[in-house]
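The values are calculated or read from the model by the stated rules, or taken from the named source; none is laboratory data. It should be emphasised that the depicted structure is a prediction, and the values quoted were computed from it without experimental measurement. Counting neighbours? That spans all protein chains shown, and the Cβs are built from the backbone with ideal geometry, glycine included. Heads up: the accessible areas ignore ligands, DNA and RNA and are worked out on the full protein's heavy atoms, side chains in. Shrake-Rupley method; radii C 1.70, N 1.55, O 1.52, S 1.80 Å.
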Amino acid sequence: MESTAWQVIIADDAEVTRILLKNYLKNLQADFFEARDGLEVMDILNRRSIDLIILDLRMPVQDGFSVLQTMKSHDEYRHIPVIVQSVLDEEDTISKALAMGAYDYFVKNHDNRLLQKDLLLKARNAIQTHTYYKQVRQEVNQRQQAEMELRASENVARSILENVPHAMIVMNSNEESVYCNKVWEETFHCSVAKGTRVEALVEVMFTSPEERKNALSVVRKITWQMAQGRHIRPFVFRIAGTAGRSVYEAKVKAVGDYSIWQLVDITGTKQREARIKAVVSLLRDFARAIPDSSFIMDNKGIILNEFGNLQHIVSKEGPYAGKSVYHLFPPREAGILVQAAENVLTHDLPVYVEAEVTAAGSRQLYGIRMAPLKHPEVGHNTVAVTMMNVTKQRQSERNFQLSYLRQRRRDTFGDLIHGRVSPAAAAEKLAALGIIIGVPFSVMLLQVESTQDGMHDEDRQLLMDSLGDELSGTGHMTAWEQDGRMGLLWQHKRPDMAKAEELQFAVGLIRTVKKYGASGRIGIAGVCSSLAQLTHAYSNAQAALEAGPQRGESSEVYHFQDAGVMQVLSLFASRREAREYVKRVLGRLIERDQDRGLDLMETLGRLLFGPSAKEIAQELSVHNKTLYFRKRRIETTTGLSLENLEDRLTISVAYKLWVYLTHNGQKEFNPEEK
């Protein structure tokens, strides 16, 4: 039984690298195939249906560039996403790989944990994009198959015309032949090539110059009448047929830019009527073979004939001939059909519309094709109608496009924030997605928290996608998902934007979040004048989001300007660096406190931010001298003086970070914690 897991090739000549990459991607739940060089990659591609390739550039026998070139020239492989990972970090090399079709590029650095996490996310996104592509490609193939069937149907129709017992010829608006049946050729003892002018046809059909002149005059008059949209009445004339001078009735039908001429030998009426009935029966059988729902109606909405499959759309039982569309469809949908039919008959041209129709108890999108038709039984113009369900096709196209835009937007902002792409390159990529960043703008970071217990990842992703689409659709806001949160750019274009206005705007965003049954918190970095400032502003928004609750603030929005000394959080690349700073300044004091329970950290906090020494001693219920000795012990342990301004500032920053990292001392300080 074929595996349903994703199929991933890891191509690298170093076995240890292949093992590491498989470990990084173990959460993909994929089947991995290892390749040591480009030839092995192509061998696996020939045998397996691959969803993703992790490709090294430097490999023996055939390198990564050769693999990219081969895949690019192969229709079956060119759409498989390839993530290049290599020690080569030159910009030309990266640009070359991306230009040759690589989905993304990573520089080898297996000690970088952020790279490991990004590789898993990029791999999952690449596979999902490829999966969507395969679905769309399958639908396109199905549509192409349907078109092939339609062409086959046209061939059947041509075959039917060949069985019509009368001479028939199709002319275009330039008075040139397009097609004629065998009866025509037998009648006039000639073969008519496509593109033959009407003058040449008249030359064959009529013997005398006077007859030819009159015939050309009639043809020109009919051509003018068709251009004016006028009704053409049948007319009778004598021409040289297979049995000498025969009498024929000429019937002309305008279909778009074409006219169909039928010459009926009215000398054998009985035989003609019998053969016409056989042809009509054959045409109806042909119409019933069409897979769509088909019927013929007049301009009042009365169905004259239906050819099966209509019961899939309407809820009422057939037969439907003689009934009004207002009896079968709701008033709005019936009105659309009647209005379209009136337009077809007025302009004598086919139309195509898409409309929602209630089918099988739900709203479905149908493509409706209509064409003018002269009904053989009622004797006046009617409309041929076919209805095809295009709901899944349009939904798939819409979902694929939205998913692609979200992913590229997320990737571009993520690359910019993490320094993998320059601001100018990021602006160019965003412009290609239709996103023009107006400056100045405010940077915010939204933490979405569901109010539902045990929310599944799929539901959370749907929430984030829906929220991001709504916020980005406002015209002045750009939103993207970043590390489980949502980055926000408010493009107000005001360099003097006040903090109070940013806070008020953020409160409005929180109300939008609550409409989706979720709650959230927002950190505000402030105003930026260019995309080059986004990386630093994003760190400031993170600091505001994390420091706000630690400062005891109960609000749902936090501004970086209100973070006080906690603004230093944005200067550290990670919490680990912040812990190392605390350890370097207060590590010995914290260890002594933990080992002996001396409450020196509590005393230090009161000395730094409390009232006078006398009041502090009273609050701690100790003597003034005891407080003095504790102060001396703190200074001796840390090697810093509380009386020196620079030392006091250093200790104050370290103490605030300790409060934040340990939740005000409720959690044991561990400098090795991630």
Q) With (1) open to solvent by less than 70 Å² (accessible area, probe 1.4 Å); (2) at pLDDT 85 or above; (3) assigned to a strand (DSSP E or B); (4) not acidic (Asp, Glu) as the list, and Leu337 as the residue in question, which single condition is left unmet? A) (3)
Q) Going through the range 506-533 one residue at a time, which ones are surrounded by 14 or more Cβ atoms within 10 Å (Cβ to Cβ), more than 24 Å from Thr412 (Cβ to Cβ) and either without any contact (Cβ under 8 Å) to a residue 60 or more places away in the chain or of a type in the set (Phe, Trp, Tyr) (or both)? A) Ile510, Tyr516
**Q.** Those residues of the range 483-505 which are open to solvent by less than 70 Å² (accessible area, probe 1.4 Å) and touching a Gly at 6+ places or on another chain (Cβ under 6 Å), in sequence order
**A.** Gln491
Q.
Given (1) more than 45 Å from the chain's Cα centre (by Cα); (2) at pLDDT 80 or above, identify the lone condition not met by Ala278.
A. (2)
(Q) Considering only the range 411-428, I want to know if a residue exists there that is surrounded by fewer than 17 Cβ atoms within 10 Å (Cβ to Cβ), under 16 Å from the mean Cα position of the chain (by Cα) and assigned to a helix (DSSP H, G or I). (A) no
Q | Scan of the range 2-29 for residues that are touching a residue at least 60 places away in the same chain (Cβ under 8 Å) and of a type outside the set (S, T, N, Q), ordered by number | A | Trp6, Val8, Asp12, Leu20, Leu21, Tyr24, Leu25, Leu28
Q) Being open to solvent by less than 30 Å² (accessible area, probe 1.4 Å) and either free of Cβ contacts under 8 Å to residues at least 24 places away in the same chain or touching a strand residue (DSSP E or B) at 6+ places or on another chain (Cβ under 6 Å) (or both), is that true of even one residue in the range 159-166? A) yes
Q | Positions within the range 101-138 being among the charged types (D, E, K, R), in a helix (DSSP H, G or I) and either modelled with pLDDT under 85 or open to solvent by less than 50 Å² (accessible area, probe 1.4 Å) (or both), in sequence order | A | Arg113, Lys117, Asp118, Lys122, Lys134, Arg137
Q. Restricting attention to the range 167-184, and to residues there that are part of a loop (DSSP other than H, G, I, E, B) and of a type outside the set (D, E, K, R), which single residue is surrounded by the fewest Cβ atoms within 10 Å (Cβ to Cβ)?
A. Asn174
(Q) Looking only at the range 429-453, count every residue that is modelled with pLDDT under 80, among the hydroxyl-bearing types (Ser, Thr, Tyr) and open to solvent by less than 40 Å² (accessible area, probe 1.4 Å) and tell me the total. (A) 1
Q.
Given (1) closer than 22 Å to Leu365 by Cβ; (2) at pLDDT below 75, identify the lone condition not met by Arg284.
A. (1)
Q. Cβ-Cβ below 6 Å, separation at least six or inter-chain, first residue in the range 185-196 and in contact (Cβ under 8 Å) with a residue 60 or more places away in the chain, second in a loop (DSSP other than H, G, I, E, B): which pairs?
A. Thr187/Thr242
Q.
Return the residues of the range 569-593 that are at pLDDT below 80 and either part of a helix (DSSP H, G or I) or open to solvent by less than 60 Å² (accessible area, probe 1.4 Å) (or both); say none if nothing qualifies.
A. Leu569, Ser570, Leu571, Phe572, Ser574, Arg575, Arg576, Glu577, Ala578
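Suppose we filter Leu345, Leu445, Leu373, Leu349 for residues that are in a strand (DSSP E or B), touching a residue at least 12 places away in the same chain (Cβ under 8 Å) and over 26 Å from Ile522 (Cα atoms); which single one remains?
Selected residue: Leu373, the only one of Leu345, Leu445, Leu373, Leu349 that is in a strand (DSSP E or B), touching a residue at least 12 places away in the same chain (Cβ under 8 Å) and over 26 Å from Ile522 (Cα atoms).
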Q.
Going residue by residue through the range 378-389, is there one that turns out to be at negative phi, β-branched (Val, Ile, Thr) and free of Cβ contacts under 8 Å to residues at least 60 places away in the same chain?
A. no
